[in-house]
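The values are calculated or read from the model by the stated rules, or taken from the named source; none is laboratory data. A quick note: this is a predicted structure, and the numbers were derived from the prediction, not measured. Cβ: placed from backbone, ideal geometry, glycine included. Neighbour counts: every protein chain shown. Surface areas here come from the heavy atoms of the whole protein model, side chains and all, with no ligands, DNA or RNA. Shrake-Rupley method; radii C 1.70, N 1.55, O 1.52, S 1.80 Å.
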Amino acid sequence: MEVLDDLERRIAAALQINPRASWRTVAHALDEHERTVARRGTDLLSVGRIAAVGIRSRPASLLVRARCTPGSAPVTSEALATRADTSFSYMVTGSTDVVAEILTTRDQLAHLVSVDLATTPGIAHAETLPVLKYFRTIRSWRIGALTPREVEELGGLRLARDGAPFVDLDLSAQDKDIVDCLVANARMSFEEIARRAGVSETTARRRVEWILSSEAVQLRLLVEPAAVGLPLEALVWLRIAPAKISAIGESLRRDTRVRYAAALAGSSQIVVDVTLPTGDDLYRFVTESEWSSEVESFDITMVVRARKRGGRLNDPSVA
């Protein structure tokens, strides 16, 4: 995969902090010419090397660890990826073949587990692990390409509120249209949102601000880790005594190497998605982190193919 150059990395890092930031705002923070930033950033978005998207908040989510019949892992990963309610779908190494996250409602869980997964092509056995708490999601992951001053200029000194309680909002039909716009393209202009939702631009601006502040949609900038020099991605499954989960989760939340960490109900108590330059870095992550001595045991599954990230399908030729 082609690695982003220095300016491309900095533009991507700026949009990680604020996916809807104007090119003028980004250029000012990076001390670059606005025309250059707009051209380079637009090119990155137009060819899909980065993507600004939204994820609808849901009251329940679970991870699926699927063992597949021989040779069927790509089929299973594809089937899970193309579901509208999956946020990611990975092919992995080890005793598990596919891992996916599904965002759903509590009253749909029974049907999901007993019917949907049972009829998903290629699955021989599936373990479902409900998410109890998010310590970090990719919304808070940073590629570390900005100085503290640049981060401050973009308003990014505080991490996004991963794990905020779900609030069931009473959305109007127009609000739902606006949500659809933000999910498809987090950078869609207020003018275009207003046209699609059939409201004035002033109303669109006001409703977008309310929807985002209410966490009905969570925005994030998607960029493949390999494109920023982090080609090794692994899911680390931790088994921990209950009393230690919160402290270890907080440690993981602060760790800049971590893309995603969540507390689970199941055979593992925490799952960590970590992206690193090399296998040696992964070895140090699991053996030298401040929480390492507190973990009873762990499994590692390496991500070999990411068909879907952040609710967005990757190009199957490069996923």
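Per the listing GLU191, GLU215, the residue uniquely within 21 Å of ARG24 (Cα to Cα) and either touching a strand residue (DSSP E or B) at 6+ places or on another chain (Cβ under 6 Å) or charged (D, E, K, R) (or both) is GLU191. Among the listed residues GLU78, GLU101, GLU152, which satisfies the condition of being among the acidic types (Asp, Glu) and at pLDDT below 95? Exactly one residue qualifies, and that residue is GLU152. Return yes when LEU7 is surrounded by 22 or more Cβ atoms within 10 Å (Cβ to Cβ) and either in a helix (DSSP H, G or I) or acidic (Asp, Glu) (or both) and no when it is not. No. When the stretch 265-290 is filtered for residues that are of a type outside the set (D, E, K, R) and open to solvent by less than 10 Å² (accessible area, probe 1.4 Å), the ones remaining, listed by number, are SER268, ILE270, VAL271, VAL272, VAL274, THR275, LEU276, PHE285. Screening the candidates GLU296, GLU224, GLU192, GLU215 for the property of being at pLDDT below 95 and either out of contact with any helix residue (DSSP H, G or I) (no Cβ under 6 Å at 6 or more places or on another chain) or closer than 25 Å to ALA51 by Cβ (or both) yields one hit, GLU215. VAL26 passes every criterion in (1) under 17 Å from GLU224 (Cβ atoms); (2) open to solvent by less than 20 Å² (accessible area, probe 1.4 Å); (3) in contact (Cβ under 8 Å) with a residue 60 or more places away in the chain; (4) part of a helix (DSSP H, G or I) apart from (1). Number of residues in the stretch 279-319 that are in a strand (DSSP E or B), hydrophobic (A, V, I, L, M, F, W, C) and either under 21 Å from the mean Cα position of the chain (by Cα) or more than 22 Å from GLY249 (Cβ to Cβ) (or both): the value is 6. Condition (residue is part of a loop (DSSP other than H, G, I, E, B), loosely packed, with under 15 Cβ neighbours inside 10 Å and among the polar types (S, T, N, Q)) applied to the stretch 168-177: is it met by at least one residue? Scanning the stretch 168-177, I find at least one residue that is part of a loop (DSSP other than H, G, I, E, B), loosely packed, with under 15 Cβ neighbours inside 10 Å and among the polar types (S, T, N, Q), so the answer is yes. Check the stretch 250-262 and report whether any residue there is open to solvent by 10 Å² or more (accessible area, probe 1.4 Å), within 19 Å of the chain's Cα centre (by Cα) and without any contact (Cβ under 8 Å) to a residue 24 or more places away in the chain. Checked the stretch 250-262: at least one residue is open to solvent by 10 Å² or more (accessible area, probe 1.4 Å), within 19 Å of the chain's Cα centre (by Cα) and without any contact (Cβ under 8 Å) to a residue 24 or more places away in the chain. Taking each residue of the stretch 62-75 that is under 9 Å from VAL99 (Cα atoms) and looking for partners that are basic (Lys, Arg) and open to solvent by less than 20 Å² (accessible area, probe 1.4 Å) with beta-carbon atoms closer than 9 Å, six or more apart or interchain, yields nothing.
Please work out if ARG195 is in contact with a Phe, Trp or Tyr (Cβ under 9 Å, 6 or more places away or on another chain), part of a helix (DSSP H, G or I) and of a type outside the set (A, V, I, L, M). Judged against the criteria, ARG195 is not a match. The residue pairs whose first member lies in the stretch 193-217 and is touching a residue at least 60 places away in the same chain (Cβ under 8 Å), whose second member is of a type outside the set (A, V, I, L, M, F, W, C) and exposed (fewer than 13 other Cβ atoms within 10 Å of the Cβ), and whose beta carbons are closer than 8 Å, counting only pairs six or more residues apart or on different chains, are GLU215/ARG161. Suppose we keep only residues that are open to solvent by 30 Å² or more (accessible area, probe 1.4 Å) and of a type in the set (S, T, N, Q) within the stretch 67-92. Which one would you say is farthest from the chain's Cα centre (by Cα)? The residue in question is THR69.
One residue stands out among those in the stretch 222-246 that are among the charged types (D, E, K, R) and under 16 Å from the mean Cα position of the chain (by Cα): the one that is nearest to SER95 (Cα to Cα), which is GLU233.
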